[in-house]
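Structure first, then comments.
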């Protein structure tokens, strides 16, 4: 089971990386709203990812510190574009690891420690205003980050917004 999960994780990262590395053939218009998640999307072209970046950027409302949109999905996996113009609340996913690929920007991710002002956002996720303790790691365009499940994490952009590809990876019931 580990090999298919790792294989899919790497495939999604390579698709996202290659989509960003290519130049689109024509500029895409940015619609007013970010699209909803399709049931299954197995491929995203470079021009589609570039257009999605423009859509997400255009859809951000004043004061929003995190905007997301789906890139790929194949249940139970989903890869999303995350636009982070400012520090968003800290998170902890109880059932999913989360892998990030940095498409654009620089910043710091704090992992570990304890959520401050912890609240439950849904049956499998917690949120907090910040993290007490933890380990800080600087990141830049092209870097990969993986956060194990049950690990608090918080991303702080530096010098401008950050675009990430985020891949949630559920823990299988039997993990060798």
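Kindly establish whether residue 100 is crowded, with 17+ Cβ neighbours inside 10 Å, over 13 Å from the mean Cα position of the chain (by Cα), modelled with pLDDT of 95 or more and closer than 30 Å to residue 47 by Cα.
No, not satisfied.
Determine which single condition residue 12 fails, assuming it passes every other condition in (1) part of a helix (DSSP H, G or I); (2) modelled with pLDDT under 90; (3) touching a helix residue (DSSP H, G or I) at 6+ places or on another chain (Cβ under 8 Å).
(3)
When you check residue 159 against the structure, is it at pLDDT below 95, surrounded by fewer than 16 Cβ atoms within 10 Å (Cβ to Cβ) and either farther than 21 Å from residue 94 by Cβ or within 17 Å of the chain's Cα centre (by Cα) (or both), yes or no?
Spelling it out, residue 159 is indeed at pLDDT below 95, surrounded by fewer than 16 Cβ atoms within 10 Å (Cβ to Cβ) and either farther than 21 Å from residue 94 by Cβ or within 17 Å of the chain's Cα centre (by Cα) (or both).
Restricting attention to strands (runs of 3 or more DSSP E) lying wholly within region 120-168, give those where 2 or more residues are in contact with a helix residue (DSSP H, G or I) (Cβ under 7 Å, 6 or more places away or on another chain) and on the phi > 0 side of the Ramachandran plot.
Of the strands (runs of 3 or more DSSP E) lying wholly inside region 120-168, none has at least 2 residues that are in contact with a helix residue (DSSP H, G or I) (Cβ under 7 Å, 6 or more places away or on another chain) and on the phi > 0 side of the Ramachandran plot.
Out of region 70-83, which residues are within 13 Å of the chain's Cα centre (by Cα) and either surrounded by 21 or more Cβ atoms within 10 Å (Cβ to Cβ) or in a loop (DSSP other than H, G, I, E, B) (or both)?
71, 72, 79, 81, 83
Quick grid of which residues meet (1) under 29 Å from residue 172 (Cα atoms); (2) in contact (Cβ under 8 Å) with a residue 12 or more places away in the chain:
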residue: 46; (1), (2): no, yes
residue: 57; (1), (2): no, yes
residue: 63; (1), (2): no, no
residue: 77; (1), (2): yes, yes
residue: 94; (1), (2): yes, yes
residue: 103; (1), (2): yes, yes
residue: 125; (1), (2): yes, yes
residue: 128; (1), (2): yes, yes
residue: 137; (1), (2): yes, yes
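Is there a residue in region 43-62 that is outside any helix (DSSP H, G or I), buried (at least 19 other Cβ atoms within 10 Å of the Cβ) and at pLDDT 90 or above?
Yes: region 43-62 contains one or more residues that are outside any helix (DSSP H, G or I), buried (at least 19 other Cβ atoms within 10 Å of the Cβ) and at pLDDT 90 or above.
The values are calculated or read from the model by the stated rules, or taken from the named source; none is laboratory data. Given the structure is predicted, the values throughout are model-derived calculations rather than measurements. Cβ atoms come from the backbone with ideal geometry, glycine included; neighbour counts cover every protein chain shown.
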